[in-house]
1. Do any of Lys60/Lys124; Lys52/Lys75; Lys75/Lys144; Lys52/Lys124; Lys52/Lys159 go past 18 Å between their Cα atoms, and which?
2. List Leu125, Leu85 from most exposed to least, where exposure is judged by having the fewest other Cβ atoms within 10 Å.
3. Calculate the spin-label point distance for Leu135 paired with Asp59, positioning each point 7 Å from the Cα along the beta-carbon direction, and give it in nanometres.
4. Sorted by average packing, counted as other Cβ atoms within 10 angstrom per residue and highest first, what order do 107-113, 64-70 take?
5. With a bin width of 5 angstrom, please list the P(r) values of the stretch 40-160 as percents of all Cα-Cα pairs, from the 0 bin to the one holding the largest distance.
6. Which distance in nm do the two modelled labels at Lys157 and Phe69 give, with both placed 7 Å along the Cα-to-Cβ direction?
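Every number in this text was worked out from the coordinates using simple rules, so none of it is lab data. In this text, all values refer to a predicted model and were calculated from it rather than measured experimentally. Neighbour counts run over all protein chains shown; Cβ positions are idealised from the backbone, glycine included.
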Amino acid sequence: MKSISLVIVSAVLAACTSAPMKEGFAPCNQQGRTRQCVTVPLALAEEDVAAKRFEALPDKVRIYLVRPFTVEPIKRSQVFVDQQLVAEMAPLTYVVIDVDPGLHHIGVRTDVDAAISLRTDAGKLYYVQYSLSQLFGNYSGQLKTMDEAPGRSALLKSKRALTRIDSPM
């Protein structure tokens with residue numbers, strides 16, 4: 001019993017003495033350890049919930065872009081649609097992009113560029129994942145479309161970031 005109490009006290013003390021998070025950063029898990037992840041302005045909780053109803057718009061296209069991993073946790077990602085800056089993302093966030101039907105070019109920049117072109121139809125939902133990978137200290141970014149089930153799953157684990165339409169950046 002004495003050893004259990006000692007373990008609990010040690011854990012509490014360690015939590016109290018750990019380095020404080022810097023402003024603009026939030027705790028997130030990376031490879032089983034708590035790290036500092038950069039933050040971006042988030043949508044209101046009710047806007048996050050509404051987006052996760054996955055409702056299509058009759059005359060528009062809704063694109064969900066998610067950054068579901070914590071690679072490069074201290075870097076923001078700039079999101080471009082048709083060469084216009086529309087949002088910034090952090091690890092474990094997503095944005096909702098409503099556009100007219102047609103061909104759209106989506107780009108994301110986090111020190112490295114990634115791009116994808118989507119031919120879209122009105123009234124449909126599209127899921128796109130942005131991921132960074134590291135090999136021998138070099139990073140590369142990739143955008144890829146996702147099927148509905150894995151797309152929704154990734155979004156449900158993420159928080160909605162604001163876009164320029166939601167709030168001026």
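1. Values: Lys60/Lys124 8 Å; Lys52/Lys75 25 Å; Lys75/Lys144 20 Å; Lys52/Lys124 15 Å; Lys52/Lys159 10 Å.
Beyond 18 Å: Lys52/Lys75; Lys75/Lys144.
2. Leu85, Leu125
3. In this crude spin-label approximation the distance works out to 4.6 nm.
4. 64-70, 107-113
5. 2, 11, 23, 25, 21, 12, 4, 1, 0, 0
6. 1.2 nm
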